[in-house]
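Chemist: What follows is a structure written as structure tokens; I'll ask about it next.
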């Protein structure tokens, strides 16, 4: 994480404000800050112009994973993601489920050499697995791979198994928002911030002007601090305060997923596209999902759609090792845009998944901060770091406890079968209730 130089002044909580902090953006980073700041005693308001998890948070691959592919270039990202995955499992155990992965290696050019080298790579990843209650990898022969998944195709030299954790990103956002609301935060969904007001002499933040997108009714909320947690929209949000878009620059990357009508396998299967990009097929509840692309995006962030060409690109890559994908019916697609840290030159896959907090005091706007970059798997840590900045700004002594305080529904396990008998409902329906709401299903 990088924090640009912050202002020397540490304003006390002022009487001429309606809230201490306004958070703009209802993705996982925004609601994570709202929760943490509310827990530490700050008065918070959050604005989301669409719905919670509208952007990348609700359109991700749905995994709280360690970032295996970042191990060689960004090991710090891998470690943080694994560590925070462990914390998220502890505070929301009902929302997570284990996803075992199979990684087949074809007997192609250099295949046997790559297979041997990969064993060392997975061994390095094993060192991080205990942080997220992961299992160590296993080296598998072609026969062992096909016993686990008979649908694997091709001339294989062997493969590996390892595991990650799945989660519903939208439910995670909602749980954080509910917790923040129950601690006094105000959450305005369907409200767009139209302007961040600043003092003419000092440039300090003084208020935000907003509008309800349904009724058209506008309002003004006085505050001394604004957190821009709008992800790929960050440059646009910074411009609402009169700052140049480059002050909060990101490199938006489009990721596409395709949803199929049935569960084709109990394992996630890694594959490669025609241009060598790593993709996957994963079981998702009673369906299957393949993903994902990573392409620079220059379009309308509110209108991100998968194209037929992107769908064929993904299906082709999976079919090479798992032809059964052709027997299933694609029933939908979804797409999101990653707010990757800006860099000119590297390919999309080579971009860092690190996160950054920008203090816009460096741009003449004290009290305005932007959160850019990051991953779903390390959202809680990112929110903690942002709230630590707020705590120093308001001279608070309270420390972060989001890693030990359960999210709503995560405080105790629930027996789904007992719930189904008590409520006289189908066991599958009861399991779904428990997955979505945890102990609050009772």
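The values are calculated or read from the model by the stated rules, or taken from the named source; none is laboratory data. Remember, predicted model here, so these are calculated numbers, not experimental data. Here Cβ is always computed from backbone atoms with ideal geometry, including for glycine, and neighbour counts include all displayed protein chains.
Chemist: Kindly evaluate residue 227 against the criterion of being in contact with a helix residue (DSSP H, G or I) (Cβ under 8 Å, 6 or more places away or on another chain), outside the structural domain of residue 28 (by TED's automatic domain parsing) and surrounded by 21 or more Cβ atoms within 10 Å (Cβ to Cβ).
Modeler: It is false that residue 227 is in contact with a helix residue (DSSP H, G or I) (Cβ under 8 Å, 6 or more places away or on another chain), outside the structural domain of residue 28 (by TED's automatic domain parsing) and surrounded by 21 or more Cβ atoms within 10 Å (Cβ to Cβ).
Chemist: Working only within region 134-150, note down all residues that are touching a helix residue (DSSP H, G or I) at 6+ places or on another chain (Cβ under 6 Å) and surrounded by fewer than 17 Cβ atoms within 10 Å (Cβ to Cβ).
Modeler: Passing the criteria: 136, 139.
Chemist: A further question follows. Can you confirm whether residue 201 is closer than 29 Å to residue 128 by Cα and surrounded by fewer than 22 Cβ atoms within 10 Å (Cβ to Cβ)?
Modeler: no
Chemist: Further question on the same structure: State whether one or more residues within region 404-413 are in contact (Cβ under 8 Å) with a residue 12 or more places away in the chain, over 19 Å from residue 95 (Cβ atoms) and either in a helix (DSSP H, G or I) or not assigned by TED's automatic domain parsing to the domain that holds residue 381 (or both).
Modeler: No - not one qualifying residue is present in region 404-413.
Chemist: A follow-up question, please. Tell me which residues, restricted to region 212-243, are closer than 24 Å to residue 360 by Cα and either in a helix (DSSP H, G or I) or free of Cβ contacts under 8 Å to residues at least 60 places away in the same chain (or both).
Modeler: Scanning region 212-243 gives 220, 231, 232, 233, 234, 235, 236, 237, 238, 239, 240.
Chemist: Next question, about the same structure. Does residue 66 satisfy the criteria of being assigned by TED's automatic domain parsing to the domain that holds residue 222, buried (at least 24 other Cβ atoms within 10 Å of the Cβ), within 16 Å of residue 167 (Cα to Cα) and in contact with a helix residue (DSSP H, G or I) (Cβ under 6 Å, 6 or more places away or on another chain)?
Modeler: No.
Chemist: Which one is farthest from the chain's Cα centre (by Cα), of the residues in region 422-431 that are surrounded by 12 or more Cβ atoms within 10 Å (Cβ to Cβ) and assigned to a helix (DSSP H, G or I)?
Modeler: Here the answer is 423.
Chemist: Out of (1) under 24 Å from residue 59 (Cα atoms); (2) out of contact with any helix residue (DSSP H, G or I) (no Cβ under 6 Å at 6 or more places or on another chain); (3) touching a residue at least 24 places away in the same chain (Cβ under 8 Å), the odd one out for residue 187 is which?
Modeler: It fails just one condition, (2).
Chemist: Continuing with the same structure: Filter the strands (runs of 3 or more DSSP E) completely within region 244-294 down to those with at least 3 residues that are in contact (Cβ under 8 Å) with a residue 40 or more places away in the chain and touching a helix residue (DSSP H, G or I) at 6+ places or on another chain (Cβ under 9 Å).
Modeler: Hits in region 244-294: 250-260, 268-272, 278-284.
Chemist: OK, next. If you take the residues in region 295-328 that are in contact with a helix residue (DSSP H, G or I) (Cβ under 7 Å, 6 or more places away or on another chain) and outside any helix (DSSP H, G or I), which one is farthest from residue 347 (Cα to Cα)?
Modeler: Of everything passing the filter in region 295-328, 301 is farthest from residue 347 (Cα to Cα).
Chemist: With (1) modelled with pLDDT under 95; (2) surrounded by fewer than 17 Cβ atoms within 10 Å (Cβ to Cβ); (3) closer than 28 Å to residue 337 by Cβ as the list, and residue 11 as the residue in question, which single condition is left unmet?
Modeler: Residue 11 satisfies every listed condition except (3).
Chemist: On to the next question. Yes or no: residue 331 in contact with a strand residue (DSSP E or B) (Cβ under 6 Å, 6 or more places away or on another chain), in a strand (DSSP E or B) and in the same structural domain as residue 266 (by TED's automatic domain parsing)?
Modeler: Here the answer is yes, as residue 331 does meet what is asked.
Chemist: Would you pick out the residues in region 329-341 that are out of contact with any helix residue (DSSP H, G or I) (no Cβ under 7 Å at 6 or more places or on another chain) and buried (at least 17 other Cβ atoms within 10 Å of the Cβ)?
Modeler: Hits for region 329-341 are 334, 335, 340, 341.
Chemist: Sticking with this structure for a sec: Could you tell me whether residue 22 is buried (at least 21 other Cβ atoms within 10 Å of the Cβ), under 30 Å from residue 162 (Cα atoms) and more than 13 Å from the chain's Cα centre (by Cα)?
Modeler: Judged against the criteria, residue 22 is not a match.
Chemist: Go through region 359-390 and report how many residues are part of a strand (DSSP E or B) and in contact with a helix residue (DSSP H, G or I) (Cβ under 6 Å, 6 or more places away or on another chain).
Modeler: Final tally of qualifying residues: 4.
Chemist: Does any residue of region 311-333 turn out to be closer than 18 Å to residue 53 by Cβ and at pLDDT 95 or above?
Modeler: yes
Chemist: Do you know which of the residues in region 82-100 that are closer than 23 Å to residue 272 by Cα and out of contact with any helix residue (DSSP H, G or I) (no Cβ under 9 Å at 6 or more places or on another chain) is surrounded by the fewest Cβ atoms within 10 Å (Cβ to Cβ)?
Modeler: The residue in question is 98.
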